[in-house]
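The block underneath contains the structure these notes are about, expressed in structure tokens.
The values are calculated or read from the model by the stated rules, or taken from the named source; none is laboratory data. Everything quoted here is computed from the prediction, not taken from an experiment. Methodologically, a virtual Cβ is constructed for each residue, glycine included, from the backbone with ideal geometry; neighbour enumeration extends over all protein chains shown. Areas reflect the complete protein model, heavy atoms only, side chains present, ligands, DNA and RNA absent. Shrake-Rupley method; radii C 1.70, N 1.55, O 1.52, S 1.80 Å.
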Amino acid sequence: MAGRNLFRKPFDEGTVVKLKIYTDYLKEWAPVFFSKKEPIWKTVQIFDFFAGQGKDSLNKPGSPLIALNVVRSFEKVILSRGLTVILHFNELEEDNYLSLRDCLAGIEGNFIIKTYNRDFKSLFNEYYESMKHSANFLFLDQNGIKEITSELFVKIIALKQTDFLFFISSSYFRRFANTPEFQKHFPFDPVEMQTIDYYHIHRKVLAHYKSLIPRNKVYYLAPFSIKKERNIYGLIFGTRHTLGIEKFLSVAWKNDRLRGEANYDIDSERINEQTPSLFPEFDIPSKREFFEKKLRQRILEGEIKMRNQAYLFTLNEGFLLKDANTVLRKMVAEKKIKSVIDYISTDLHKNRKDVPIII
């Protein structure tokens, strides 16, 4: 079957953005498990459950080749550490699957490649037990919304060492909110869905998944909204670990320097970094203003008393650690708080010693 040419078109702009974020995060994720001198997890699995054809009509790599390229850059380390690395690529549509097989033909290395032509849920359930005994990255690039149900989401976040990135057609939540099939999995208020700003629809989707996290469970989610022609799509990233959310937020802000969450002007503020206004305050996105005001207020009211509390608050608000430091330094300069002994750093998750923020 070599030489199959079923690719219909090149990747569109939205797909390019999605794959760039996927690439950037995998490059951040891989060293955590491959480069550690004494690995905690001897088996590492990458699952791409909706893998597509592997590349587009211009031979630009899709998610399977991206994952392979990242893993291959660590081949010597993988061998020296004695790691077992398994890449799982699944594609349900028959022609796409055959093209995927052609794309991967002949690729060998210090890793295992497995391909499947299976229904997503049956494959996920089959490998779920294995995920409990390995470090995992799950990429769920579904077409639509139906696969990532509440039940499936709860199963994923129960896994100990598993980060995920899933792509979802956020516009569908608005378009089909009143249909029985939708309501079965997503009990959203159809009237409310029609009143939400179209550009903000992915934020509502994120809030839904956040509501599924048990109150006593620490889990981090972050969004990235993508506009493709007239529709809004989005990525949702999830992890149990502060290091994971740090790394994803760094990638998100790298791809959206103003708000860290979209490839478009999600708040319709029309801020242009190339041609700043005469009044600098007009070039500060409202999202940042709100974050800084909220952090400052919680510190002054005594709700946030320790450095690590400020750290976790910042991550949950979708900002970087340097953004929290900016607020703390301003408050010190204004003599609202006393100098913090150690400001927040990117390795704070390793630092068990906390320090107070003294008003």
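Quick notes
- Projecting the Cα positions of Phe313, Val327, Gly302 onto the charge dipole of segment 293-332 (unit charges on Cβ atoms of Lys, Arg, Asp and Glu, taken about the Cα centre) puts Val327 furthest along the positive direction.
- Placing unit charges on the Cβ atoms of the charged side chains and taking the dipole of the chain about its Cα centre, the candidate lying farthest along the positive direction among Tyr128, Gln53, Ile359 is Ile359.
- Between helix 201-211 and the chain: long-axis angle, C-alpha atoms, 0 to 90°, nearest 10: 90 degrees
- Length gained when the stretch Leu212-Lys322 is fully extended (0.36 nm per residue, less Cα-Cα span): 36.7 nm
- The accessible-area ordering, largest first, of the residues Lys55, Lys18, Lys60 stands as Lys60, Lys55, Lys18, per a 1.4 angstrom probe.
- Cα long-axis angle, helix 94-104 against the chain (0 to 90 degrees, to the nearest 10): 80 degrees
- With the simple spin-label model, which puts each label point 7 Å out from Cα in the Cβ direction, the Leu98 to Lys27 separation comes to 3.6 nm.
- Between the Cα long axis of helix 13-34 and the first principal axis of the chain there is an angle of about 80°, rounded to the nearest 10.
- The GluC sites (Glu not before Pro) found in segment 14-117 that occupy coil by DSSP, while having at most 15 further C-beta atoms within 10 Å, are Glu93, Glu108.
- The length gained by stretching the chain between His185 and Glu301 to full extension, at 0.36 nm per residue less their Cα-Cα distance, is 37.8 nm.
- Segment 18-68 - Rg over Rh from alpha carbon coordinates, Kirkwood radius: 1.05
- DSSP-defined antiparallel bridges as percent of all bridges, the chain, nearest 5: 40 percent
- Solution diffusion estimate, µm²/s, Stokes-Einstein, the chain, Kirkwood Rh from C-alpha pairs, 37 °C, viscosity 0.692 mPa s: 149 µm²/s
- Of the solvent-accessible surface of the chain, computed with a 1.4 Å probe over protein heavy atoms with every protein chain present, carbon and sulfur atoms account for 52 percent.
- Net dipole in debye of the chain [+1 Lys, Arg Cβ; -1 Asp, Glu Cβ; about Cα centre; nearest 20]: 1120 debye
- Heavy-atom surface of the chain, accessible at 1.4 Å and reported per residue (Å²): 50 Å²
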